[in-house]
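Data first, discussion second: the structure below is written as structure tokens.
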Amino acid sequence: MPDLDLGALQAQLELNRSVLADSIMSKFSSLGASSSSSSSPSKNGASATAQPPRSATLGVGATPKGKQATLAANGKPSSIEDVKLKGRLLAKRKRHDEPAQGDEESEGDEEEGRAALVGSSSKRKSGKAAAAATGSNSAADGSNAPSSSKSSNKKNSKDPFAVKGAAFQKQQQQQQAASKIIVDGKEVDLSSLSKAQRKKLNKRRRLEEEAAKRAAQHEDGEETKAAAGASLSPRKGSDVVPAAAATAAADDPPTPPTSSKAAAAPAAAAAASQPASSTLTPLQSQMLNRLTGSRFRTINEQLYTTDSASALSSFTADPSIFDDYHKGFRSQVKSWPKNPLDILCSSLLAAKKPKAGTKPAKSQHTGQVKARYGACPLVIDLGAGEGMLARKLVKDGHFKVLSFDLVNTADGWVRKADTATIGALPLPGFYDASDPLSLRGAAPPGSAQGQADIAIFCLSLMGTNWLSMILEASRCLRVGAELLVAEVSSRFVSVEGFVSLVEKVGFKLEGRDDTNTHFVVFEFVKLDPASSARRREAGDDHLTESRLVELGSSLLKPCLYKRR
């Protein structure tokens, strides 16, 4: 194979490139003619200046500077394809050769022409109007023409595609930043999740926000009710007996009534000092709810697994435990299908509004009319919590209610007492510690008799010594009085065993409502000690209070919530 002559090949390539450039330039002869005539004034014989020879480095398809660079000889603009071709050729030339000063000005003109072509028609019209105004100003003052043309070229040289690209990139960054959220203390990018994951996460966030909103509304409502209740003085002639009167009326002098405005002012100031829950972010509300729920579960476990004396000691040392517990308890009640407190209230209030033609119901064991049908019966609510039962029953004046729990509430509805300690309630009644089952019959002559008509335990048989609460209630109840118990159905090891143990201490079952899926409601009646003694089984006389408490702790399991 003969050796190749590289010099000859390079010369041939240069020749071919020159021929190709001449053929391309022949197609742009019209542009060359127009550019050459731009320097001559007119055809009427005016002196025409000779055009300088075309620069060898000007590039194929380039045109001299001036606004006519993008116009053909006939005055019409060049096609977009021609402009694009000239742009590509110009870019190729810039990569190989260093442009001269005149060529730089031509490049600015090329940019001006391209911006004018790709812009909208309205922009072209405004550009033409601006150019006309600029031309008239330059004719009037020739000294300002060069500066104005340079400023217009600088403005028009801005690439519209670059502007739109920057705006799009900024919008993308904003969307990407908005797609990042905080979940469980970690930053999660929504764009990296699948559609199903985003849907699940959005549903979870929506439920948490709704729960926080409901809790905030409930707390605001309770504070409003408490402020309204504190601002109202007792009605004259009312039959409502506050629990505080049973313990402190004899020692404390009566305080003068205050106006509603003066009483409401401290409540309003206290409410203003508290941080508004609506100002919390969804993450803060979620963390607060978790802390509240965890606190509630801890206190709840302590109440169910210890005796009442230990619970009273803890609540006395730190009264805020009471508020923390009931804040979590209110949150739990919202998820229940039905509140047992409402069931008890409805059954008692129904006795005050009997249907036409019906007679008061009688006890099947005593033969007497049930205590709820009496004239304003006295109700003792043991383990009353925040006193919600009393608030509902005394509204129409049909009942008197005394509420007791482990603390004194600020609104006065609930008084502090260990309801599992015999004699702790400030009410009359006789109890013989050596005869807890009342097998000896009636109380000794001259001893105090129970006066309460109804005793209620609504989810309050919590301590391990819950049976002592039943004994204290029995001490304060009169013969024929009612004992109403509502408890979680999952706590019962044996429902029959529970009923049998309660009957041993002087009661008899009247009815049981277990239609609810979560709770069981019992209705007992207190028997006369003599008649109850005849119902005892042989061998029960050896049962002491401690033994009864031990049996009771084995029949009711603690109600514990799962830790999360």
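The values are calculated or read from the model by the stated rules, or taken from the named source; none is laboratory data. Here the structure is a predicted model, which is why all the values come from computation and not from measurement. Positions of Cβ are backbone-derived with ideal geometry, glycine not excepted, and every protein chain shown enters the neighbour counts.
The figures follow:
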{"item": "Within the stretch 424-438, tally of residues that are small (Gly, Ala, Ser), without any contact (Cβ under 8 Å) to a residue 60 or more places away in the chain and over 19 Å from Ser310 (Cβ atoms)", "result": "2"}
{"item": "Residue in the stretch 477-484 that is basic (Lys, Arg), surrounded by 21 or more Cβ atoms within 10 Å (Cβ to Cβ) and over 45 Å from the mean Cα position of the chain (by Cα) present", "result": "no"}
{"item": "Of all residues making up the stretch 463-494, the number that are outside any strand (DSSP E or B) and of a type in the set (A, V, I, L, M, F, W, C)", "result": "8"}
{"item": "Hey, Phe498 under 29 Å from Leu427 (Cβ atoms), at pLDDT 95 or above and either touching a Leu at 6+ places or on another chain (Cβ under 9 Å) or outside the structural domain of Ser438 (by TED's automatic domain parsing) (or both) or not", "result": "yes"}
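Results for (1) closer than 23 Å to Glu550 by Cα; (2) at pLDDT below 95; (3) not hydroxyl-bearing (Ser, Thr, Tyr), shown as yes or no for each residue.
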residue: Tyr431; (1), (2), (3): yes, yes, no
residue: Pro445; (1), (2), (3): no, yes, yes
residue: Asp453; (1), (2), (3): no, no, yes
residue: Met462; (1), (2), (3): yes, yes, yes
residue: Ala473; (1), (2), (3): yes, no, yes
residue: Ser489; (1), (2), (3): yes, yes, no
residue: Gly506; (1), (2), (3): yes, yes, yes
residue: Arg512; (1), (2), (3): no, no, yes
